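Worksheet: the structure to be examined is printed underneath.
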Amino acid sequence: MKRVARAFWLRSPGHGEIREVALPEPGEGDVLVRTLCSGVSRGTETLVFRGGVPHSQHTAMRAPFQDGEFPGPVKYGYLNVGLVEEGPPELLGRTVFCLYPHQTRYVVPASAVTPVPDGVPAGRAILAGTVETAVNALWDAAPLIGDRIAVVGGGMIGCSVAALLARYPGVRVQLVDAEPARAGIAEALGAGFALPGEALGDCDLVVHASATEAGLARSLELLAPEGTVVELSWYGDRGVTLPLGEAFHSRRLTLRGSQVGTVSPARSARRSFADRLALALGLLAEPAFDALITGECGFEELPRVLPGIAAGELPGLCHRVVYEPDTADAVSR
């Protein structure tokens, strides 16, 4: 007798399917988690879905519990919230977050899960990985009281950054996006909003997260002399051209990369990956983050829904996937 679960796999670029997978028996120090919901990270997962991960980045782009290899077949994802059904007493029955793909049940070391605080609903906790990226970006950016800041790109990452910056004292923060509908989300997060051509300039700091060449160029334009752009976008296999021959040097501008794969050097001596994730989950007690969840489907619908998300036919921010307990796993011979 063996236990099996169901998992979403990318069979080949643009084609996903649900597969039955065998579950190992939990060992000492492991947990068996039943998934309650998972989240689709639109930027990264749509890049993976269309087969856009460059060969040189196959290792760097691996998810912690990925199976298979790019461009496919591959089981990919990292926003999972579930209930611990077997494991150490201190975790049994707890709702936890894990960097695991879309799968109905899974077995991982207990050290791989982080308890969700009591004040954070499971359906909101799927944003933990995104808010963790925003935390790391702000550790890199080091905004100061009274700074004038623009966040260019109103996707999941940009909105998470704007939500955190809106809680800094004395900061002018404006979310900049080409989609007018993002204005309502910015308002819910407590940030200002502007279309790219109407954004306020003279910024001390710009956080760029639009993953577009035009967005990055506009970010540089919005800076005050000696200002900094912190680049969060991941371009995959696309090249980017920038106007660095214009005022870039005379205004002494800075363009700096930030990536969640390492803890920011500003905090790495005193904070671990676990500390950073626990902080992100705690920040999700703020109900304003619900504005980032703009779509939902059942797990069995994922092969049909993901192509629409990747093609831009289902616009929005975080897409939540919900799981039915009675289809979570099975026992087979």
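Some notes on this structure:
- Screening T104 against (1) β-branched (V, I, T); (2) surrounded by fewer than 24 Cβ atoms within 10 Å (Cβ to Cβ); (3) under 22 Å from W9 (Cα atoms) leaves a single unmet condition, (2).
- Pairs where the first residue, in the range 16-29, is within 26 Å of L302 (Cβ to Cβ) and the second is in a loop (DSSP other than H, G, I, E, B), C-beta under 8 Å, 6+ apart: P26/G87
- Contacts under 6 angstrom Cβ, first residue in the range 223-234 being over 19 Å from T130 (Cα atoms), partner polar (S, T, N, Q) and surrounded by fewer than 21 Cβ atoms within 10 Å (Cβ to Cβ), 6 or more apart: T228/T254
Every residue, every condition in (1) surrounded by fewer than 15 Cβ atoms within 10 Å (Cβ to Cβ); (2) under 25 Å from Y78 (Cβ atoms); (3) touching a residue at least 12 places away in the same chain (Cβ under 8 Å), yes or no:
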| position | (1), (2), (3) |
| --- | --- |
| L205 | no, no, yes |
| G239 | yes, no, no |
| T254 | yes, no, yes |
| S268 | yes, yes, no |
| A285 | yes, yes, yes |
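- Within the range 178-216, being of a type in the set (G, A, S), part of a loop (DSSP other than H, G, I, E, B) and more than 19 Å from the chain's Cα centre (by Cα) holds for A178, A181, G190, A191, A199, G201.
- The selection criterion, being free of Cβ contacts under 8 Å to residues at least 60 places away in the same chain and within 21 Å of I145 (Cα to Cα), does not hold for D177.
- Selected residue [assigned by TED's automatic domain parsing to the domain that holds A310, surrounded by 17 or more Cβ atoms within 10 Å (Cβ to Cβ) and assigned to a strand (DSSP E or B)] from F8, F65: F8
- Subset tally (residues that are modelled with pLDDT of 95 or more and not in a helix (DSSP H, G or I)) for the range 127-164: 14
- Filtered by the rule that a residue be of a type outside the set (D, E, K, R), in a helix (DSSP H, G or I) and either modelled with pLDDT of 95 or more or under 17 Å from G312 (Cβ atoms) (or both), the range 14-57 gives G43, T44, T46, L47, V48, F49.
- Filter pass, P325 being more than 17 Å from the chain's Cα centre (by Cα), modelled with pLDDT of 90 or more and not aliphatic (A, V, I, L, M): no
- Of the listed requirements (1) assigned by TED's automatic domain parsing to the domain that holds G123; (2) touching a strand residue (DSSP E or B) at 6+ places or on another chain (Cβ under 6 Å), L277 misses just one: (1).
- Checking A274 against (1) of a type in the set (G, A, S); (2) closer than 25 Å to R172 by Cβ; (3) touching a residue at least 40 places away in the same chain (Cβ under 8 Å), the condition it does not meet: (2)
- Remark: pairs (first residue in the range 41-68, without any contact (Cβ under 8 Å) to a residue 24 or more places away in the chain; second residue part of a loop (DSSP other than H, G, I, E, B) and β-branched (V, I, T); Cβ separation under 6 Å; 6+ apart in sequence or on different chains) = M61/V53.
- Restricted to the range 221-257, and to residues there that are of a type in the set (S, T, Y) and over 14 Å from P143 (Cα atoms), the residue that is modelled with the lowest pLDDT is Y235.
- Checking each residue in the range 128-150 for being surrounded by 24 or more Cβ atoms within 10 Å (Cβ to Cβ) and touching an Asp or Glu at 6+ places or on another chain (Cβ under 9 Å) picks out only I149.
- Looking across the range 247-260, the residues that are in a loop (DSSP other than H, G, I, E, B) and within 16 Å of A209 (Cα to Cα) come down to S258, Q259, V260.
- Sole exception among (1) touching an Asp or Glu at 6+ places or on another chain (Cβ under 9 Å); (2) closer than 18 Å to S264 by Cβ; (3) part of a helix (DSSP H, G or I) for L220, by number: (2)
The values are calculated or read from the model by the stated rules, or taken from the named source; none is laboratory data. These numbers were taken from a predicted model, which means no experiment stands behind them. Heads up, the Cβs are rebuilt from the backbone with ideal geometry, glycines too, and the neighbour counts pull from every protein chain shown.
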